[in-house]
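This report refers to the structure that appears directly beneath it.
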């Protein structure tokens, strides 16, 4: 990758707010300029939303806002049924799904990688050609995502340069640190959940607006 050319043409990353559970909040968040929302279809998650509720949320969204369903080690048939029923645009896989599994859901797939150390860079290489993009989240023994933890952004920066596909940065992002993260990592997109919440699944709309302002006014320097 030509890094200098990439940096010269850098623009603010796309923003996805994940873990929504309420139709009113979803539409209000979109009015703040969010480009994508995430709906969690993992029953043990505090942000879980039944497919019937997710369908109602999606029906109320304005056009050109992407909807992303989050799954963990779910069967292919179950995912396809939720995609069909809800009208999802993309699926985001947070489990141990191998490249061959991802290809069965192509071309709608984002694969999440939990970053523990730089070994994740080798793991990403195995997924080239099987997915549309990658999401980097913090590693945790207790949860597959939504932990609110930050990981080493230097690893994320290396992933951006090596992945040869869009990289979405997640993991502990909030209004007070997202600008720094964007300047260092230069991701294609950023994903926020707990960093703009008042409680799991309930977003603080003021924090969402602050997050958007921080992203859109980031100074990338020369």
| Gyration tensor (alpha-carbon) shape descriptor, the stretch 1-129, a/c threshold 1.5 | oblate
| request: Take each of the peptides 191-202, 24-35, 112-123, average the number of other beta-carbon atoms within 10 Å over its residues, and list them starting from the highest. | output: 191-202, 24-35, 112-123
| query | Which order do peptides 13-20, 155-162 fall in by mean Cβ count within 10 Å, highest first? | reply | 13-20, 155-162
| note | P(r) over all Cα-Cα pairs of the stretch 11-212, 5 Å bins from 0 to the longest distance, whole percent per bin, short to long, reads 1, 8, 18, 21, 22, 17, 10, 3, 0
| Relative contact order of the chain, defined on C-alpha pairs under 8 angstrom at six or more residues apart (%) | 21 percent
| said: If I build a Gaussian network model for the chain, linking alpha-carbon pairs within less than 10 angstrom, which residue out of 92, 56, 66 has the largest mean-square fluctuation? | reply: 56
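So if R0 is 30 Å, what FRET efficiency would residue 198 and residue 123 give, r being the distance between their Cβ atoms, rounded to the nearest 0.05?
Once rounded, the FRET efficiency stands at 0.30.
With each run of n ≥ 4 DSSP H residues scored as -39500 (n - 2.57), what mean residue ellipticity at 222 nm is computed for the chain after dividing by its residue count and rounding to the nearest 500 deg cm²/dmol?
-9500 deg cm²/dmol
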| task | Sort out for me the Cα centre separation of the stretch 36-87 from the stretch 89-104, rounded to whole Å. | result | 14 Å
| In Å, what Rg and Dmax follow from the Cα atoms of the stretch 101-222? | 14.5, 42
| query | Going by a ≥ b ≥ c, the root eigenvalues of the Cα gyration tensor, does the stretch 166-208 fall in the rounded group (a/c under 1.5), the prolate group (a/b larger than b/c) or the oblate group? | reply | prolate
| task | Starting from the Cα of residue 56, step 7 Å along the direction of its Cβ; do the same at residue 89; then give the gap between the two resulting points in nm. | result | 2.3 nm
| Ordering of 75-81, 205-211 by burial proxy (mean other Cβ atoms within 10 Å per residue, highest first) | 205-211, 75-81
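The numbers here are math on the coordinates, done by the rules we state, and not lab data. If you're wondering where the values come from, they're calculated on a predicted model, not measured in any experiment. FYI the Cβ positions are ideal-geometry reconstructions off the backbone, even for glycines, and counts take in every protein chain you see.
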